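Asks: Take a look at the following structure, please.
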């Protein structure tokens with residue numbers, strides 16, 4: 001992935017998310033409030049995270065394996081764990097899936113900015129990615145905090161709009177920065 005694309009894609013995502021929050025639509029608010037325990041969110045986010053992780057495990061090299069000469073057993077073992085998690089521990093799996101996806105998305109974004117010292121503006125994207133990684137690790141350990149955050153955020157209409165304006169502004173900044181490389 002190029003540095004241009006690694007900066008533009010998070011910028012477009014933040015711009016869209018910020019615009020949705022800025023509109024303060026009841027549909028968006030109810031969707032975000034329901035996300036932490038949503039069965040559909042669990043299937044999409046956790047299922048997507050498990051599939052991406054299984055792809056990464058299936059393509060890992062021999063140096064990454066502790067035991068075994070093939071990746072097949074590793075893939076099957078993690079696939080069984082993913083299915084059993086959805087079946088027996090469904091509470092807040094959407095938040096954990098979001099955390100998994102955030103951590104997996106961070107790798108190509110940070111790899112694109114690695115050793116690009118001639119472009120100091122890359123730090124706008126890198127700072128965002130590291131903040132997202134910290135949030136993902138925190139929310140993976142305490143997923144109910146996302147529910148609490150959404151309750152606090154939408155307690156008054158101004159908070160959601162303020163966050164939306166901030167995300168929209170940072171998204172636009174990232175979009176502009178992407179075209180400076």
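Asks: Does any residue of the range 117-130 turn out to be in contact with a helix residue (DSSP H, G or I) (Cβ under 8 Å, 6 or more places away or on another chain), surrounded by 15 or more Cβ atoms within 10 Å (Cβ to Cβ) and over 23 Å from residue 178 (Cβ atoms)?
Replies: Within the range 117-130 (the criterion being in contact with a helix residue (DSSP H, G or I) (Cβ under 8 Å, 6 or more places away or on another chain), surrounded by 15 or more Cβ atoms within 10 Å (Cβ to Cβ) and over 23 Å from residue 178 (Cβ atoms)), the answer is no, since none of the residues qualifies.
Asks: Tell me, please, whether a residue that is more than 30 Å from residue 170 (Cβ to Cβ), outside any helix (DSSP H, G or I) and touching a helix residue (DSSP H, G or I) at 6+ places or on another chain (Cβ under 6 Å) can be found in the range 67-75.
Replies: Yes - at least one qualifying residue is present in the range 67-75.
Yes or no, residue by residue, for (1) touching a strand residue (DSSP E or B) at 6+ places or on another chain (Cβ under 8 Å); (2) more than 17 Å from residue 42 (Cα to Cα); (3) surrounded by 14 or more Cβ atoms within 10 Å (Cβ to Cβ); (4) without any contact (Cβ under 8 Å) to a residue 24 or more places away in the chain:
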| site | (1), (2), (3), (4) |
| --- | --- |
| 66 | no, yes, no, yes |
| 69 | no, yes, no, yes |
| 76 | no, yes, no, yes |
| 81 | no, no, no, yes |
| 95 | no, no, yes, no |
| 101 | no, no, yes, no |
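Asks: Scan the range 88-95 and tell me whether some residue there is closer than 30 Å to residue 3 by Cα and in contact with a helix residue (DSSP H, G or I) (Cβ under 9 Å, 6 or more places away or on another chain).
Replies: Of the residues in the range 88-95, the ones closer than 30 Å to residue 3 by Cα are 94-95.
Pick out the ones that are also in contact with a helix residue (DSSP H, G or I) (Cβ under 9 Å, 6 or more places away or on another chain) and you get 94-95.
Scanning the range 88-95, I find at least one residue that is closer than 30 Å to residue 3 by Cα and in contact with a helix residue (DSSP H, G or I) (Cβ under 9 Å, 6 or more places away or on another chain), so the answer is yes.
Asks: Could you pull out the residue among 136, 162 that is within 23 Å of residue 36 (Cα to Cα) and surrounded by 17 or more Cβ atoms within 10 Å (Cβ to Cβ)?
Replies: Values: 162 fails: surrounded by 17 or more Cβ atoms within 10 Å (Cβ to Cβ).
Just a single option satisfies the conditions, and that option is 136.
Asks: Right, here's the next one. Go over the candidates 131, 106 one by one and state the one that is assigned to a helix (DSSP H, G or I), free of Cβ contacts under 8 Å to residues at least 12 places away in the same chain and within 16 Å of the chain's Cα centre (by Cα).
Replies: Working: 106 fails: free of Cβ contacts under 8 Å to residues at least 12 places away in the same chain.
Every option except 131 fails the conditions.
Asks: Here's a follow-up. Can you spot a residue in the range 146-156 that is touching a residue at least 40 places away in the same chain (Cβ under 8 Å), buried (at least 17 other Cβ atoms within 10 Å of the Cβ) and not in a helix (DSSP H, G or I)?
Replies: Within the range 146-156, one or more residues are touching a residue at least 40 places away in the same chain (Cβ under 8 Å), buried (at least 17 other Cβ atoms within 10 Å of the Cβ) and not in a helix (DSSP H, G or I).
Read the figures in this text as sums done on the coordinates, not as results from a lab. Fair warning: this is a prediction, and the values are worked out from it, not measured in the lab. Cβ sites come from the backbone with ideal geometry, for glycine too, and all protein chains shown count toward neighbours.
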